Structure formats: structure tokens, C-alpha cells
Amino acid sequence: MAVQWPLLVFSVLLGASCGTLVFLGIGEIKGVFKKVRFPLAVCALVLLAVGGCASAMHLGHIDRAFYILGNMASGLSKELFAVGFAGVVTLVYAVLARKDYPGASKVLGVLALIAGVVLPLVAGASYMMPARPAWDSFTLPLMYLGTGLGLGFVLSAAVVCLRGEGDDASLALKLALVGVAASVVTMLAYVAWIALAPFPVESRSIGRLLTGSLALEFWAGVVVLGIVAPAALAWLALRKADDGAGAGAAGAGAAPAVAAAGTDGGAAAGATTAEAAGVRSAAGMLWGALACLVVGNVALRIIMYAVATSVESLIY
Amino acid sequence: MTRYTMAIDLDSCIGCHSCAVVCKQENNVGLGTFYSKVLTIGPSGSYPDLEMYYLPVACQHCENPQCVSVCPTGASYKREDGIVLVDHAKCVGCQYCVMACPYGVRTYDESKDKGVIEKCTLCAHLVDDGKTPACVRHCPGQARFFGDADDPESDVSKMIARKQTHKLTDVGNKPSVTFGLDKCEWKGGE
């Protein structure tokens, strides 16, 4: 099957949006990320809206788009309904995030978390169909969820680090690493399904990825940029922030002795500066990891469409 | 209950492509688009024991059509007489049914009625007028049979009764079109 670019763009942006929602939901449950929740909620909403517009470009008749809610047994109808639900939850959450309504924000945060988990699963499940063996597996919706967590968590953690909040940054960086791990595991699980799918033929074989016409997309796109680079960068970012925090703590520990010499303010400022520098450096690495993840996600979806030949392609 | 379907005697098919041509003419099918095609299967075996047959393909008007169950608007539907159709007034051109069809016999037609899905209608307009589909009427090998699969006296039922029969690969959709082939080894899925 030819690459369906509007749907590809939609699925990547949807994943990033949903990962961000899950990140915000975790933040609400733990009572952290207060300063970034509004910009991140707006970011999630914009990603979802732009993705939705991109997917509409796939329709032959955009004027009839709302007919899509006509058959709730259809995966596409469920997907549109889930997108609407996530959009409304994100919008209300963003409005509440501007004010101080802790209880309501927590409830909406939990709803955002649920929407962020359910929507990628629904979107991925809409592709599961017996006619396309390479898609007919639960590993596909899991891949949509896992890669979404990777994109959203890394994006959100980068924004948290950019704001330079020490305690929040530590949790955000750990979440970024968890998101990347989810992305890596689910990407590999989907690639494994391609190898195991029924009705094997050359057009949807694992050999096409390893040594065939999709080798560049697989090795350079998925393996190097989608798996190895983001995992390494997320881990290095966590280390960098930890090193900064360690240097800061050492500086703060030396402060009393220095204080006796009458320069306590300078030592404390030095400690804070070292920690902030570590977090800012980590932010830079996370932006790099995000760029790699986006390329990796695009590459994996190109492969996903390329191997999605039907059981018997008789005319088209 | 009437259950219209088609049976094709592959031993009688001469691979002339008349069915594909007359289908385009009858249904005003756009340039580069086909509701029906004739594939050449083989040659297979080793010399001098070679064999080959022709396989006319189109929508299989499945008993459990996946294209209908995935259609988000209800544009793809199955009539009570078994014919699967597309209501172009409801079709949004999402191509979800094209993905769900196991046989690649649906197409997104931009040449005629832009932005909707096209496929074999089993010439429903002729059937409703008491006639047979154009491909059946014009087949010079008399290889195509149309009728009610539930009527043992129909042409379809009679052909199925006298031949070794096969169907395209079934992934739960239960294709209704039957292929009769005695003289060669069937190379399809079922």
C-alpha cells in the first residue's frame, strides 16, 4: 500500500498529544508540573487539532466528514469519537490550568490521562483488519500507545527542563526515560509481528526490512534514530541533570564553611547555577531525542504502510 | 430468500478479457479504473507438463463483507439479495473499505465521480430490471453464470454441482463468488 501521508502525520501528532496528556495526568496525581501544565495542555490541543486537520486531507469529501460518526461499529467512527473526547478534556483542562482549582484540575488530569491512553489504542486498533496481515495484531495499537508515550513524555520533559525547575525536572527526566523505553519495546514488538504475520509473502516480509527495499527506513530510521539515539540521549539527559544536582548539593554543603568566611551568598548561588546548568543541558538533549523520535516514528509508519499489502491484491 | 451470486467456470474461460471490457462500457468505468479484470495464473509445472488458467476477478460480494462493517458512514452496504454496493451520496472517500477488502478489488476513483469508492455492482441496475450482469451476457466462452445460490435450479447452483469448486482466500469475509476448475490445479487459497 502507498504511504498515506495525511494519516501518517495524524498518527504521529496524535501520539505526541496523547503522551503529553498522560504526562500531565501523572503530574496532577503527584501534584507537580504546575508551571508547565498550561503550555503543555495548549501544546497537546494544538497537536491534536493539526493532526485532525491533516487526517481530514485524506477524505475525498471533507464536506461529509461528520457522516463518519454514522456507524459506531466502525473503527474510524470510534476514533473520531475518541479524538473529540480527548479534545474536549484537553480544552477544559487547559482552561482550568490557568486558574487555581486543584480538585477540578486533578479530576480533569485523570480524565486526560485516560484519554491519552485510550485514544492511541483506538486509533491503532482501527487498522487491525484480517485483509492486511501486517496490521492484524494487538502489537499495532500497542505501538501507537508506546511511541506516543515516548514522543509526549520527551516533549513534556524538555519543556519542564527548559523552565529549569530542579525537583520537577528530576521526575520529568525519569518519565522521559520511561516513555522512550515504552516506545522502544512496542516498536520492536510491532517489527516482530511483521516477521510472524500469517499469509507470508515477499511484499510484507521481515527480509524487506532487514536487507530489502525498506532497509534504509528500518536501520537508519527505526533502529538508529527511533530506538538507539533517543534511548541514549534520554539516559544522558538524566545523568547530566543528576550530575548538576550533585554538583549543586556539594556546593551547598560547602556553603556553611564558606559562610564563616563571609561569602555564603556566593556559594549558594554557585550551587544553584550548577544545578540549573545541568537541567538546561538535559533539555537540549531531550530536544535532540524528540527530533530523533519523530524521524523514527515517521520511518516506522512508512514501513507499516509499505508492508500492508492485502491477502490477495487482485486488481489494485 | 434470494441470494444472488456468480459462478465462473475457469475451464471454459478463454482469457479474452471481454468481461473486463464490457464491464467498463456498461458501468461507464473511468480511465485507469477497473471493476473487473482477468488474471493469468501460471504457467506452472515443468515442461512438458505445464498448465495455466485465467482467473476473472472482481468484488466477491462476500457473505460477511468487511468493507461494509468498517464503513464509518454506512455508504457501503449489502442488499438483502446479497449484492454489496456503495451509496456515493454517503461516501466520504476515506478509503477504509479499500484497506479492509482482502482482494484489492475496490478503488478510489478520481476520474469520474471524484472522491468516492468504486467497485463491481454485479450490474445491480440490470439485475433489478430482470436481466443478467453485462459480463455474464457477453462472455463468449459462456464461462460466467449468475443467479440465486439458494435455488438449486439456478444456473449458478447447477455449475457448482457439476464442477470442483474453489473460492478466494477467506479471512472471515466468506466470499460468495465460486470458481469451477477441473482441468488444472487451483493455485488460490481455498
Within the stretch B:28-44, can you find the residues that are more than 14 Å from chain A (Cβ to nearest Cβ) and either within 15 Å of the chain's Cα centre (by Cα) or touching a residue at least 12 places away in the same chain (Cβ under 8 Å) (or both)? B:28, B:31, B:42, B:44
Could you figure out which of (1) closer than 18 Å to residue A:178 by Cα; (2) in contact (Cβ under 8 Å) with a residue 60 or more places away in the chain isn't true of residue A:132? (1)
As an exercise: evaluate residue B:63 against (1) assigned to a loop (DSSP other than H, G, I, E, B); (2) modelled with pLDDT of 95 or more; (3) within 11 Å of another protein chain (Cβ to nearest Cβ) and give the number of the one condition it does not meet. (3)
Tell me, please, whether a residue that is outside any loop (DSSP other than H, G, I, E, B), out of contact with any His (no Cβ under 7 Å at 6 or more places or on another chain) and among the hydrophobic types (A, V, I, L, M, F, W, C) can be found in the stretch B:105-122. yes
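Can you tell me which residue within the stretch B:170-183, out of those that are part of a loop (DSSP other than H, G, I, E, B) and buried (at least 17 other Cβ atoms within 10 Å of the Cβ), is nearest to the other protein chains (Cβ to nearest Cβ)?
Step by step, filter the stretch B:170-183, then rank; the result is B:171.
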Since residue B:89 meets every condition but one in (1) under 26 Å from residue B:39 (Cα atoms); (2) part of a loop (DSSP other than H, G, I, E, B); (3) at pLDDT below 95, which condition does it not meet? (1)
Report, by residue number, each residue of the stretch A:27-54 that is part of a helix (DSSP H, G or I) and surrounded by 22 or more Cβ atoms within 10 Å (Cβ to Cβ). A:27, A:28, A:37, A:40, A:41, A:44, A:47, A:48, A:51
Exactly one of these conditions fails for residue B:81: (1) facing another protein chain (nearest Cβ under 7 Å); (2) under 16 Å from residue B:177 (Cα atoms). Give me its number. (1)
Quick check: is even one residue across the stretch A:197-211 within 16 Å of residue A:232 (Cβ to Cβ) and touching a helix residue (DSSP H, G or I) at 6+ places or on another chain (Cβ under 7 Å)? no
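Where in the stretch A:56-163 are there helices (runs of 4 or more DSSP H), lying fully within it, with 1 or more residues that are touching a Phe, Trp or Tyr at 6+ places or on another chain (Cβ under 6 Å), within 14 Å of another protein chain (Cβ to nearest Cβ) and at pLDDT below 95?
In the stretch A:56-163, the matching helices (runs of 4 or more DSSP H) lie at A:75-98.
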Test of understanding: among A:145, A:214, A:149, which residue is over 11 Å from the mean Cα position of the chain (by Cα) and touching a residue at least 24 places away in the same chain (Cβ under 8 Å)? A:214
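Here are B:56, B:102, B:72: which of them is more than 7 Å from chain A (Cβ to nearest Cβ), crowded, with 19+ Cβ neighbours inside 10 Å and outside any helix (DSSP H, G or I)?
B:56
The values are calculated or read from the model by the stated rules, or taken from the named source; none is laboratory data. Because the structure is predicted, anything quoted here is derived from the model rather than measured. Quick reminder, even Gly has a Cβ in these numbers, built from the backbone with ideal geometry, and neighbours come from all protein chains shown.
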